[in-house]
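*Asks:* Here it is, the structure, as structure tokens.
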Amino acid sequence: MKIMEFLCEKAVSFDLKSLDKRGVIEELVELLIKAGKIKEKDKQKIIEIILNRESLGSTGVGQGIAIPHGKSDCVKELTAAMGISKRGINFDALDGEPVYIFFLLLAPEDSAGPHLKALARISRLLRDKYLRDSLIKAEDEKKIINIIREEDQKKF
């Protein structure tokens, strides 16, 4: 599975403005709304789904990465937004460190397989410190997408 199969190009930000967990989630959901992937009327429902998942355990997996995710009947296909925080955000990460790279993943209610494959693919991609540093230093959304596209071309 390639990341660009589910990452919405129009829902990428190289400079998230939020300062806390809820703010980042709202900002990423807003990117998906602007990209036409979810409806404005579903915004609060989706934010609550993501926050409820966070209450089970932080999706801040460490090494400056968080992958907030959830399943909702508000989406018909697996979709993701991605954002970079230049200053880093306290996201209750497992290692206690600030988070800089965020992938917000939404899946339809009945899609366990693709949802888990996408989570695994994102985790595999972000294991590479050089790649993480390149994403954080990206000066625009186009650069982020190019970095991810390049990685998608590599065999895993």
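*Asks:* Step by step: first the residues of segment 21-48, then only those that are under 15 Å from the mean Cα position of the chain (by Cα) and acidic (D, E), then the one that is farthest from D92 (Cα to Cα). Which residue is that?
*Replies:* Filtering first and then ranking leaves E30.
*Asks:* Here's another thing I want to ask about it. Can you confirm whether E150 is touching a Ser or Thr at 6+ places or on another chain (Cβ under 8 Å), over 26 Å from L19 (Cβ atoms) and either among the charged types (D, E, K, R) or buried (at least 18 other Cβ atoms within 10 Å of the Cβ) (or both)?
*Replies:* Working: touching a Ser or Thr at 6+ places or on another chain (Cβ under 8 Å): no; over 26 Å from L19 (Cβ atoms): yes; either among the charged types (D, E, K, R) or buried (at least 18 other Cβ atoms within 10 Å of the Cβ) (or both): yes.
It is false that E150 is touching a Ser or Thr at 6+ places or on another chain (Cβ under 8 Å), over 26 Å from L19 (Cβ atoms) and either among the charged types (D, E, K, R) or buried (at least 18 other Cβ atoms within 10 Å of the Cβ) (or both).
Per-residue answers, yes or no, for (1) touching a Phe, Trp or Tyr at 6+ places or on another chain (Cβ under 8 Å); (2) in a loop (DSSP other than H, G, I, E, B); (3) of a type in the set (G, A, S); (4) farther than 27 Å from E151 by Cβ:
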{"position": "E9", "(1), (2), (3), (4)": "no, no, no, no"}
{"position": "D15", "(1), (2), (3), (4)": "no, yes, no, no"}
{"position": "A81", "(1), (2), (3), (4)": "yes, no, yes, no"}
{"position": "S85", "(1), (2), (3), (4)": "yes, no, yes, no"}
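*Asks:* Could you list, in sequence order, all residues of segment 110-141 that are basic (K, R) and out of contact with any strand residue (DSSP E or B) (no Cβ under 7 Å at 6 or more places or on another chain)? If you could, list the steps in order and put the result at the bottom.
*Replies:* Step one: list which residues in segment 110-141 are basic (K, R), which gives 117, 121, 124, 127, 129, 132, 137.
Result: K117, R121, R124, R127, K129, K137.
*Asks:* Does segment 31-44 contain any residue that is touching a residue at least 12 places away in the same chain (Cβ under 8 Å), in a helix (DSSP H, G or I) and in contact with a Cys (Cβ under 6 Å, 6 or more places away or on another chain)? Let's see the steps before the verdict.
*Replies:* The first filter runs over segment 31-44 and keeps only residues touching a residue at least 12 places away in the same chain (Cβ under 8 Å), leaving 31-32, 34-39, 42-43.
Subsequent filtering for residues that are in a helix (DSSP H, G or I) retains 31-32, 34, 42-43.
Retained after the next criterion (residues that are in contact with a Cys (Cβ under 6 Å, 6 or more places away or on another chain)): 42.
For segment 31-44, residues touching a residue at least 12 places away in the same chain (Cβ under 8 Å), in a helix (DSSP H, G or I) and in contact with a Cys (Cβ under 6 Å, 6 or more places away or on another chain): present.
*Asks:* Just give me the residues in segment 55-74 being assigned to a loop (DSSP other than H, G, I, E, B) and more than 12 Å from the chain's Cα centre (by Cα), in sequence order.
*Replies:* Correct list: G57, S58, Q63, G64, S72, D73, C74.
*Asks:* Among N90, N52, N146, which is the only one that is more than 28 Å from D42 (Cα to Cα) and not charged (D, E, K, R)? Before you say what the answer is, go through the steps one by one.
*Replies:* Working: N90 fails: more than 28 Å from D42 (Cα to Cα); N52 fails: more than 28 Å from D42 (Cα to Cα).
From the options N90, N52, N146, the qualifying one is N146.
*Asks:* Looking at (1) part of a helix (DSSP H, G or I); (2) among the small types (G, A, S); (3) surrounded by 18 or more Cβ atoms within 10 Å (Cβ to Cβ), which is the only condition G23 fails?
*Replies:* Failing condition for G23: (3).
*Asks:* Sticking with this structure for a sec: Count, please, the residues in segment 102-132 that happen to be polar (S, T, N, Q) and either loosely packed, with under 12 Cβ neighbours inside 10 Å or over 19 Å from F91 (Cβ atoms) (or both). Write out each step before concluding.
*Replies:* So the first thing to find is which residues in segment 102-132 are polar (S, T, N, Q), and the list is 111, 123.
Restricting the remaining residues to those that are either loosely packed, with under 12 Cβ neighbours inside 10 Å or over 19 Å from F91 (Cβ atoms) (or both) gives 111.
The qualifying residues number 1.
*Asks:* Let me ask something additional. Can L135 be described as buried (at least 20 other Cβ atoms within 10 Å of the Cβ), modelled with pLDDT of 95 or more and assigned to a helix (DSSP H, G or I)?
*Replies:* Numbers: buried (at least 20 other Cβ atoms within 10 Å of the Cβ): yes; modelled with pLDDT of 95 or more: yes; assigned to a helix (DSSP H, G or I): yes.
Yes, satisfied.
*Asks:* Here's something else I'd like to know. What number of residues in segment 98-132 are in contact with a Lys or Arg (Cβ under 8 Å, 6 or more places away or on another chain) and assigned to a helix (DSSP H, G or I)?
*Replies:* Qualifying residue count for the region: 2.
The values are calculated or read from the model by the stated rules, or taken from the named source; none is laboratory data. These figures come from a predicted structure and were not determined experimentally. Cβ: placed from backbone, ideal geometry, glycine included. Neighbour counts: every protein chain shown.
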